[in-house]
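Asks: Pasting a structure here, questions to come.
Throughout, read-outs are computed from the coordinates displayed, never taken from laboratory work. Worth saying up front: this structure is predicted, and the values here are computed from it rather than measured. Glycine also receives a Cβ, built like all others from the backbone with ideal geometry; neighbour counts cover every protein chain displayed.
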């Protein structure tokens with residue numbers, strides 16, 4: 001009898017023990033799920049906090065760049081007030097601006113866009129022939145294209161031969177002009193559409209010199225030797241070179257427009273007065289440039305109206321680069337005509 005009772009108690013106790021085991025497993029499962037969710041929430045919270053911190057740092061670096069742009073705008077306005085007759089490298093604008101800040105800093109440099117070759121100028125129509133000149137060999141020739149052709153060959157004589165220079169110069173003019181007529185060595189839509197990755201010619205002035213890479217005939221092997229010498233002033237098709245702001249490392253620009261040797265151009269720049277030439281006539285009194293024609297003389301200037309500001313800012317580990325182009329009308333009217341945001345280097 002007692003054995004039957006004991007066996008009955010064991011049988012009745014077994015389901016209860018199983019129920020307790022199942023409940024424990026459920027509780028452990030719930031704890032595990034809550035732990036995983038909590039870990040995921042903490043991870044996402046940390047990610048969102050880091051993202052917010054980065055956005056804040058990037059925004060602050062951006063506003064540092066905007067403040068540098070405003071400072072440059074004021075400096076250019078002051079320049080037109082203090083010395084409107086001449087722009088030269090001895091003036092404060094030409095100095096690199098560096099300003100350390102808590103957890104960051106600003107570095108900005110103004111670059112004269114009249115100290116490089118404006119690519120948009122090659123689309124100018126050729127000047128009319130002189131009265132009574134007849135059908136001379138120079139009739140109908142765009143002098144800016146010839147000057148750019150010389151610049152290409154002077155920049156890298158080893159890799160840029162005459163045919164390549166002719167091809168690139170004519171193709172550049174076809175890229176910028178608003179017609180579909182091919183120049184002798186040029187290229188239009190049909191040439192670009194036949195490429196592996198086709199595109200069309202812009203048929204409009206360039207807004208950035210980086211577009212030069214798209215021009216027919218341009219090769220990456222020599223592109224780096226030409227890029228520092230060229231620029232693209234938005235919607236400006238006139239070639240004006242400030243003889244007071246060309247640096248010795250850009251003597252090729254002066255050599256190309258004056259049709260002189262690089263050595264002569266470098267010598268002219270080195271012999272330039274510290275505060276630049278007072279007028280074009282003083283520059284033309286040098287024997288190296290005494291035989292310039294009227295078109296070449298029209299390219300020379302001692303004033304500048306377009307500047308590029310290259311700004312680099314840092315804040316709390318974030319970096320921001322911005323390029324701004326100014327058009328300086330007068331002391332009270334300095335306009336930003338374009339901005340470009342670039343990845344930090």
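Asks: Over the range 140-221, with a single point scatterer placed on each C-alpha, what log10 of the ratio I(q)/I(0) does the Debye formula yield at q = 0.18, 0.27 1/Å?
Replies: -0.74, -1.48
Asks: Please rank 236, 168, 96, fewest neighbouring Cβ atoms within 10 Å first, as an exposure proxy.
Replies: Least to most surrounded, the residues fall as 96, 236, 168.
Asks: At 7 Å along the Cα-to-beta-carbon direction for both residue 191 and residue 25, put a label point, then send me their distance in nm to one decimal.
Replies: 7.8 nm
Asks: If I fit a long axis through the Cα atoms of helix 143-155 and take the longest principal axis of the Cα atoms of the chain, what angle between them do I get, 0 to 90°, rounded to 10?
Replies: Once rounded, the angle reads 60 degrees.
Asks: Can you tell me the alpha carbon radius of gyration of the chain divided by the globular rule-of-thumb value 2.2 N^0.38 Å?
Replies: Scaled against compact globular proteins, the figure is 1.66.
Asks: Angle, helix 162-176 long axis vs. longest principal axis of the chain, Cα atoms, 0 to 90°, nearest 10?
Replies: 70 degrees
Asks: Go ahead and run the numbers for FRET between residue 275 and residue 102, Cβ-Cβ distance against an R0 of 30 Å, rounding to 0.05. Write down the numbers at each step before the final one.
Replies: Details: r = 37 Å, r/R0 = 1.24.
Computed FRET efficiency for residue 275 and residue 102 comes out at 0.20.
Asks: Same structure again: Exposure proxy check: 37, 151 ranked by fewest other beta carbons within 10 Å?
Replies: 37, 151
Asks: Cα gyration tensor of the range 286-328, axes a ≥ b ≥ c as square roots of the eigenvalues: rounded (a/c below 1.5), prolate (a/b > b/c) or oblate?
Replies: prolate
Asks: To continue, here is another question. Using only the Cα atoms of the range 202-336, build the gyration tensor, take square roots of its eigenvalues as a ≥ b ≥ c, and label the shape rounded, prolate or oblate: rounded if a/c is under 1.5, else prolate if a/b is larger than b/c, else oblate.
Replies: prolate
Asks: On a 0 to 90° scale, report how tilted helix 2-82 is relative to the longest principal axis of the chain, with both axes built from alpha carbons and the result rounded to the nearest 10.
Replies: It works out to around 20 degrees.
Asks: Please give, to one decimal in nm, the separation of the simple spin-label points placed at residue 333 and residue 35, each 7 Å out from Cα toward the Cβ.
Replies: The two pseudo-label positions are separated by 7.3 nm.
Asks: Further question: Mind running the shape call on the range 237-282? Use the C-alpha gyration tensor, a ≥ b ≥ c as the square roots of the eigenvalues: rounded below 1.5 for a/c, prolate if a/b tops b/c, oblate otherwise.
Replies: It is oblate, given that a/c is not under 1.5 and a/b is not larger than b/c.
Asks: Using a Gaussian network for the chain with springs between C-alpha atoms less than 10 Å apart, which of these wobbles most: 21, 77, 105?
Replies: 21
Asks: When the helices in the chain are scored as -39500 (n - 2.57) per DSSP H run of 4 or longer and the sum is shared across all residues, what 222 nm value do you end up with, to the nearest 500 deg cm²/dmol? Before the final figure, lay out each step's value.
Replies: Details: 9 runs with 148 residues, N = 345.
Value at 222 nm, helices only, nearest 500: -14500 deg cm²/dmol.
Asks: Take the alpha carbon atoms of the range 75-109, find their center, do the same for the range 278-301, and report the distance between the two centers in whole angstrom.
Replies: Cα centroid of the range 75-109 versus Cα centroid of the range 278-301: 28 Å apart.
Asks: Further question: Beta carbons within 10 angstrom, averaged per residue: use that to sort the peptides 254-260, 112-118, 48-54, 81-87, highest first. Can you show the working numbers first?
Replies: Values: 254-260: 22.4, 112-118: 24.3, 48-54: 10.9, 81-87: 14.1.
Those peptides, ordered most packed to least, come out 112-118, 254-260, 81-87, 48-54.
Asks: Tell me, what is the FRET efficiency for residue 78 and residue 340 to the nearest 0.05, using R0 = 30 angstrom and their Cβ-Cβ distance as r?
Replies: Between residue 78 and residue 340 the formula returns 0.75.
Asks: Where the centroid of each part is defined by its Cα atoms, how far is the range 144-169 from the range 255-274 in Å?
Replies: 19 Å
Asks: Further question: Arrange the following residues from fewest to most other Cβ atoms within 10 Å of their Cβ: 212, 341.
Replies: Going from least to most buried by this count: 341, 212.
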